[in-house]
Amino acid sequence: RTCDQLRCTACDFRVSLFNDYVWDRSCDYLFFRNNMPELSKLRAKMIKKKGARAYACQCSWRSIDELTDLQTDQQLRWVCGKH
């Protein structure tokens, strides 16, 4: 189960999530910095993958296709934005 109100403490952006997609390996910091949160621009580097989920803020991104504890990733600065 995932919080749907994640917020990045590094860039102060809301974390977007996209069901059944992963990020293309060519994604980089500048791609997200220039295109978040415009879905029409982000789609250029989204790959359809059933059961996966793509997450991104303006400075970090992850593709998850199996149960993963995101709290163990020391590079992520994502916290619950409160409900």
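Right, ALA54: of a type in the set (A, V, I, L, M) and within 12 Å of the chain's Cα centre (by Cα) or not? Before you say what the answer is, go through the steps one by one.
Values: of a type in the set (A, V, I, L, M): yes; within 12 Å of the chain's Cα centre (by Cα): yes.
In short, yes.
Being surrounded by fewer than 17 Cβ atoms within 10 Å (Cβ to Cβ), in a strand (DSSP E or B) and either at negative phi or touching a Gly at 6+ places or on another chain (Cβ under 6 Å) (or both): is that true of LYS41 here? So LYS41 does not fit the description; no. When the stretch 44-83 is filtered for residues that are part of a helix (DSSP H, G or I) and surrounded by 12 or more Cβ atoms within 10 Å (Cβ to Cβ), the ones remaining, listed by number, are LYS45, LEU70. In the condition set (1) crowded, with 17+ Cβ neighbours inside 10 Å; (2) touching a Cys at 6+ places or on another chain (Cβ under 8 Å), ASN35 is compliant with all but (2).
Throughout, read-outs are computed from the coordinates displayed, never taken from laboratory work. In this text, all values refer to a predicted model and were calculated from it rather than measured experimentally. For neighbour counting, all protein chains shown are included, and Cβ atoms are generated from backbone atoms with ideal geometry for every residue, glycine included.
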